[in-house]
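Asker: I have a structure I would like to understand better, so I am pasting it below and will then ask my questions one at a time.
The values are calculated or read from the model by the stated rules, or taken from the named source; none is laboratory data. Note that this is a predicted model, so its numbers are computed, not measured. Note that each Cβ is placed from the backbone with ideal geometry, even for glycine, and that neighbours are counted across all protein chains shown. Side chains included, ligands, DNA and RNA excluded: accessible areas come from the protein's heavy atoms. Shrake-Rupley method; radii C 1.70, N 1.55, O 1.52, S 1.80 Å.
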Amino acid sequence: MKNLIVAKFGGTSVADFEAMSRCADIILEDQNIRVVCVSAQSGVTNKLVRLTHMDVTAQERESILAEIRATEYAIVDKLGKPEWVTLALDNLLAELKEVAYSDNLVGSMRLKDQIQSFGEQMSSLLFAEVLRQRGAHAVNFDIRQVLKTDSNFGKAEPDVEQTRVQAEKLIAPELEGTVFVTQGFIGSDSQGNTTTLGRGGSDYSAALVAEALEAETLQIWTDVTGIYTTDPRLTAQARPIPELSFDEAAEMATFGAKILHPATLIPAVRKGTGVFVGSSREPKAGGTWIRNKAENKPPYRAIALRRDQILLTVKSPKMLFATGFLAKVFGILAQHKISVDLITTSEISVAITIDNPNNTTTRGIKQEVLDELAEFCEVSVEDNLSLVAVIGNHLQANSGVGGKLIAALENYNLRMICQGASPHNFCFLTQSDDAAKVVEHLHEELFDAI
Ligand code: ADP
Ligand code: ASP
Ligand code: MG
């Protein structure tokens, strides 16, 4: 559809009835918003993930289920408990309970994804009703019919072509008169099993749906007025950036700016879709536009921080003059679907960073991987590290960049430094305890004087 906007509302934006009503205002004001992707209410996915952990007690499980029920019921109550919506909600809660009590849950990635999908299923059900009560012709649409993925539960990869075919068949013909309210984060594999795209994946879902429908704009509505020079929770000096290029924003997302899931911009870049990020609390306060090209290209744009990093060092005296050592290491990591971020090498060792996000069902690096590596090299693992990335333009070409950044951080222990692979970033690892101070200090050096 020409001028089509796909809008995504994150967890805090749909946290309760009042928040949902603010999102409804945004949708009702713009006829072009025809597809809406919602996250679970904030906190719900964390609770669902907790249900999948081995050490959850029966008592804790009961109280989590009760808390989730209370969150959902607070909204359905405000909606006046319409009969079929309440019934549909009860059915979802009953299904959730059944999976939560399944004996196989702890060992099954498939069931873990199924559990995690209930947050989005419930919020889209309720949000569609909020819109209907405000006079919109809104339907709650099950995105699993459209967003097709592989079976890599916990971090499924989309099948872009299948998704396009399904969106064209099931959504596009009805777009004129309908607002589709659908779920972020979830999809389904070729066997129809529910999958998830990884934590924070609703942004990515919305971008994939926008791509499939050739939308003109993707809107990401969240709890901050756009993308800032750094996470505003880290320093009060952070300020919004009105415009970013795809390259800059993609680097920010990749290196931990939680505001966007790392893969969000991949579909947008493929189709050249304009992306707007703004606050559903203050929709008129402006936000950030991300486009193919930004008008100005400052050397320093932003600082991103990603916590929970693992530093894996593999060492082999045999690596000296040996070919194929790196291929072997990466082969093992690839087999286990572990993606590598930063790499530095010395004569006989290689240091690699691996993301180890909290609150997910697919944690970092398993003993099995370490054992496989240990068969041909010495392996050491360090954690409690954070990755700081300075994002900007021409960072590899401007003289003095490395000197300036390192001088600014002379009082901190930088564990690993990487520069040069991209003109847009300069990254290093630091101890997690120092991370917030490092970002605050760097922000002061790079931005506060401007
Ligand atoms: P949602 O639930 O809407 O997806 P998230 O919590 O995932 O929201 O992302 C929004 C949060 O991202 C903000 O509250 C902010 O703390 C954090 N954040 C991290 N980096 C940035 C940044 N550079 N600019 C703005 N927000 C950021
Ligand atoms: N609800 C999911 C999460 O909390 C997806 C999202 O919010 O983007 O990770
Ligand atoms: Mg998010």
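Asker: Does residue 68 count as open to solvent by less than 20 Å² (accessible area, probe 1.4 Å), at pLDDT 95 or above, farther than 17 Å from residue 17 by Cβ and of a type outside the set (S, T, N, Q)?
Answerer: So residue 68 does not fit the description; no.
Asker: Is it the case that residue 234 is away from ligand 1 (no atom under 16 Å from the Cβ), over 13 Å from residue 263 (Cβ atoms), open to solvent by 10 Å² or more (accessible area, probe 1.4 Å) and among the aliphatic types (A, V, I, L, M)?
Answerer: no
Asker: Check segment 357-380 and report whether any residue there is touching a helix residue (DSSP H, G or I) at 6+ places or on another chain (Cβ under 8 Å), under 27 Å from residue 48 (Cβ atoms), modelled with pLDDT of 85 or more and buried (at least 16 other Cβ atoms within 10 Å of the Cβ).
Answerer: yes
Asker: Shifting gears a bit: Would you check if there is a residue in segment 213-222 being open to solvent by 20 Å² or more (accessible area, probe 1.4 Å), within 8 Å of ligand 1 (Cβ to nearest atom) and at pLDDT 95 or above?
Answerer: The answer is yes; a qualifying residue exists.
Asker: Pairs needed: first member in segment 184-195, open to solvent by 20 Å² or more (accessible area, probe 1.4 Å); second member anywhere, modelled with pLDDT of 95 or more and not aromatic (Phe, Trp, Tyr); C-beta distance under 7 Å; at least 6 residues apart or different chains.
Answerer: 193/110; 193/151
Asker: Are there any pairs, at least 6 apart or on different chains, whose C-beta atoms fall under 7 Å, with the first in segment 405-423 and in a loop (DSSP other than H, G, I, E, B) and the second small (Gly, Ala, Ser), and if so, which?
Answerer: 423/397
Asker: What pairs come up if the first residue lies in segment 269-280 and is without any contact (Cβ under 8 Å) to a residue 40 or more places away in the chain and more than 14 Å from ligand 1 (Cβ to nearest atom), the second is open to solvent by 20 Å² or more (accessible area, probe 1.4 Å) and not small (Gly, Ala, Ser), and their beta carbons are under 9 Å apart, counting only those six or more places apart or on different chains?
Answerer: Listed pairs, sorted by first residue: 269/247; 269/292; 272/291; 272/292.
Asker: Would you say residue 337 is more than 30 Å from residue 440 (Cα to Cα), of a type in the set (Lys, Arg) and assigned to a loop (DSSP other than H, G, I, E, B)?
Answerer: Against the criterion (more than 30 Å from residue 440 (Cα to Cα), of a type in the set (Lys, Arg) and assigned to a loop (DSSP other than H, G, I, E, B)), residue 337 qualifies.
Asker: Looking at 299, 240, 283 in this structure, which one is within 13 Å of ligand 1 (Cβ to nearest atom), open to solvent by 40 Å² or more (accessible area, probe 1.4 Å) and of a type outside the set (Gly, Ala, Ser)?
Answerer: 240
Asker: Could you tell me whether segment 35-47 includes any residue that is crowded, with 24+ Cβ neighbours inside 10 Å and away from ligand 1 (no atom under 15 Å from the Cβ)?
Answerer: Among the residues of segment 35-47, at least one is crowded, with 24+ Cβ neighbours inside 10 Å and away from ligand 1 (no atom under 15 Å from the Cβ), which makes the answer yes.
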